[in-house]
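Scroll down for the structure; my scribbles are underneath it.
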Amino acid sequence: MSSEVPQEENVIKERQRLLEFQLNYLRKELLHLTHERYRMTYSVSGLIYRFLRPIESRIATFLGMDVKDVDVAEMVTPVSGEVTRHSANVSLAGRLLVDVTGTVKRDAGTGIQRVVKEIMRAYCRQEPFKIPVLAVRCENNQLFTANDFTKTLGGVVSGPDTEITISSGDCILMLSDSWNAFDELAPVLATIHKQGGRIITCIFDLIPELYPHACHEVTVPRYRGWLRRALLESDAFLAISKSVASELSEYVEINKLPHRHNLKIGWFHCGADLAAGSARAPREKIALVFTEGAPVFLLVGTIEPRKGHWVALEAFEKLWASGVNAHLTIVGRRGWFEEAIVEAITNHVDFGRRLFWFDDADDHDLAYLYEHSAALIFPSYAEGFGLPIVEAARFGCPTICSDLPVLREVGRSGALYFRVNDPQALAGVAQDFLAGDLRVDPQATLDVTWMEAAKRIVDIITREDWLYCLP
C-alpha cells in the first residue's frame, strides 16, 4: 500500500505540472496580446480597426451558434460494466462509402486532411479490396460521388459527380472532420440504418475534451457537441491509434456518456510513406538550412499550444548558450494562440541563421528535410498519433519526442524520449544524441504504409475485428 501512495502523488504532480505549463503558455499569449492591444489603441490602424470590432464580434457569435445540444434517443443506453474485446466471423457488407466532405470543402493541409487524402489515395489504386470503396461528399442533404477529389489523388476519371443511391448493407465511414456532418447527412444516415448498413466515425484524438485550453475557443464546444452526437448516431468508431481507442472507451465509461447500443471501437495506424519523394532539388531557402554543415533538428507541426514550440525554442537556447552548434528548423502553418511564440521565433537573434521557420513547405520539401536532418524533435504534450515520427523514420531520421503513451506506441524503441514539457530534459537528450552517447535505430519505429492502413480499415469492418464493444 505504501508503494501506491508515492505513485499516486507522482501522477498528481505530473498533472499539476502540465496544468502549470498550459497556464504559463496562455499567460505568455495574454501578455503579448495585451501589448498588441496597447499598440493598436494608440496607432492610426487601431482607430480604423475600432469600427470593425463590432462586426468581428457578430461574426464570432454567429460561428459559435452551430453547436446544438443532442437529445438522448430511447435506443441509447449508458455505459455499464467493463469493455471487452469483440471479434466475430466475417460479416456481410455492401459498399464502404468514405465521406470526404470536410476535406473537399476546406483542405488546411493539416494532419486530418493528410490522413483523409492518403487513405483515399490508397483506395484509388487498382488493388482489390474485400468490398467496393467509394469516396463521397455531401451537398444539400444528399450524397454524391467525389470524382474531382479522387482524380487529384490519381483515381480513374469517371465523369461528373452523381448522386449516390443507398443500397442494402452500405456502410459510411466519416473519415473527414465531421463537425457538422451528422446534421447535413441526417436523411442519408437514416436511410443507411434502414437498409441495414452502419455509420462508422473516425476519431483522431480526444484533445478538446482532455485538454480544452490547448484548443481554439470555438473548437471545444463544437467538439463536445460533435462527440456526444457521434456517440448516439455511430455504430462504431475507428481511432488512429490504439491509445486513442482506449482513451475513448475509458472516457465514455468514466463519464457515463450515452451512446448507441453495442458501440464498437477499433483502431488503425496511419501510414509512413509520403506521396512525394525527395527527387526534386530543394528550394533555395530550404537548402540554406544545411549550408553551414551544422546538425539540423526538425520540428514538424502546426503552431499551436500543445505542439511544444516554446519547449523546443527554450531547449535550443540552452544548447546555444552552452556552445552547441545546431540548427532548429520549424515546419508548420500558424494555428491558434500562436502570436507570442511566432513573434519570439521571427524576432529571435538567431532567426535565419540557426533558427528557421517554413509555413509553406510541401511534401517534396518535407521529404528533403527528413532525409537530411539529424533528428526530428516532437515535443507535444498531447497527440492522437504523431504522424511526423513515422514519416521521419522512413527517411532514416530518428526522433526525440515527449514521453507519452501514444508516442511510445508509435516510436517504439526507434525513438528517444524526454520528460514532457521539460526544456532542460530535451536539451540534455539532444546534447547526448549529438555526442553519440544516445543512439537509436529509426527502423525500429512503427512502419505502416497507407495501403496497409486502408486495408486494415476494410478488414476491421468486414471481419468485425473491434477492440471494444460498449454495451
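The values are calculated or read from the model by the stated rules, or taken from the named source; none is laboratory data. It should be emphasised that the depicted structure is a prediction, and the values quoted were computed from it without experimental measurement. Positions of Cβ are generated from backbone atoms using ideal geometry, with glycine treated the same way; all protein chains shown enter the neighbour counts.
Can you confirm whether segment 369-386 contains a residue that is crowded, with 22+ Cβ neighbours inside 10 Å and within 17 Å of LYS28 (Cβ to Cβ)? Yes, segment 369-386 contains a residue that is crowded, with 22+ Cβ neighbours inside 10 Å and within 17 Å of LYS28 (Cβ to Cβ). Exactly one residue among ALA392, ALA382 is in a helix (DSSP H, G or I), touching a Phe, Trp or Tyr at 6+ places or on another chain (Cβ under 9 Å), of a type in the set (A, V, I, L, M, F, W, C) and touching a residue at least 40 places away in the same chain (Cβ under 8 Å), and that residue is ALA392. Set side by side, the residues ALA453, ALA425 differ, and just one is touching a Lys or Arg at 6+ places or on another chain (Cβ under 9 Å) and modelled with pLDDT of 95 or more, which is ALA425. Scanning segment 316-364 for residues that are of a type in the set (Val, Ile, Thr) and assigned to a loop (DSSP other than H, G, I, E, B) yields a count of 2.
Considered as a group, the residues in segment 142-151 that are surrounded by fewer than 20 Cβ atoms within 10 Å (Cβ to Cβ) and in contact (Cβ under 8 Å) with a residue 12 or more places away in the chain include one that is farthest from PRO187 (Cα to Cα), and that residue is ASP148.
Taking segment 293-315 as the range and being among the aliphatic types (A, V, I, L, M) and assigned to a loop (DSSP other than H, G, I, E, B) as the test, only ALA294 passes.
Within the option set LEU467, LEU438, LEU416, LEU407, being touching a strand residue (DSSP E or B) at 6+ places or on another chain (Cβ under 8 Å) and within 28 Å of GLU127 (Cβ to Cβ) holds for one residue only, LEU467. Does segment 329-339 hold any residues that are crowded, with 20+ Cβ neighbours inside 10 Å, under 30 Å from GLY293 (Cα atoms), in contact (Cβ under 8 Å) with a residue 40 or more places away in the chain and not polar (S, T, N, Q), and which are they? Matches in segment 329-339: none.
Just one residue in the set ASP437, ASP422, ASP432 is over 17 Å from PHE204 (Cα atoms), in contact (Cβ under 8 Å) with a residue 12 or more places away in the chain and surrounded by fewer than 20 Cβ atoms within 10 Å (Cβ to Cβ); that residue is ASP422. Listed by position, the helices (runs of 4 or more DSSP H) enclosed by segment 181-271 that each have at least 3 residues that are farther than 28 Å from GLY411 by Cα and in contact (Cβ under 8 Å) with a residue 12 or more places away in the chain are 181-184, 186-194, 219-233.
Yes or no, residue by residue, for (1) at pLDDT 95 or above; (2) surrounded by fewer than 18 Cβ atoms within 10 Å (Cβ to Cβ); (3) under 30 Å from LEU248 (Cα atoms):
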site: ASN140; (1), (2), (3): no, yes, no
site: LEU153; (1), (2), (3): no, no, no
site: VAL156; (1), (2), (3): no, yes, no
site: SER178; (1), (2), (3): no, no, yes
site: ASP183; (1), (2), (3): no, yes, yes
site: ARG198; (1), (2), (3): yes, no, yes
site: LEU206; (1), (2), (3): yes, no, yes
site: GLU217; (1), (2), (3): no, yes, yes
site: LEU231; (1), (2), (3): yes, no, yes
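Within the option set ASP273, ASP235, being more than 30 Å from ALA425 (Cβ to Cβ) and modelled with pLDDT under 95 holds for one residue only, ASP273.
For segment 440-457, the tally of residues that are in contact (Cβ under 8 Å) with a residue 40 or more places away in the chain and assigned to a helix (DSSP H, G or I) stands at 10. Scanning segment 100-156 for residues that are touching a strand residue (DSSP E or B) at 6+ places or on another chain (Cβ under 7 Å), outside any helix (DSSP H, G or I), within 30 Å of ASP359 (Cβ to Cβ) and β-branched (Val, Ile, Thr) yields a count of 1. Between ILE400, ILE460, ILE377, the distinction of being in contact with a strand residue (DSSP E or B) (Cβ under 6 Å, 6 or more places away or on another chain) and part of a helix (DSSP H, G or I) belongs to ILE460 only.
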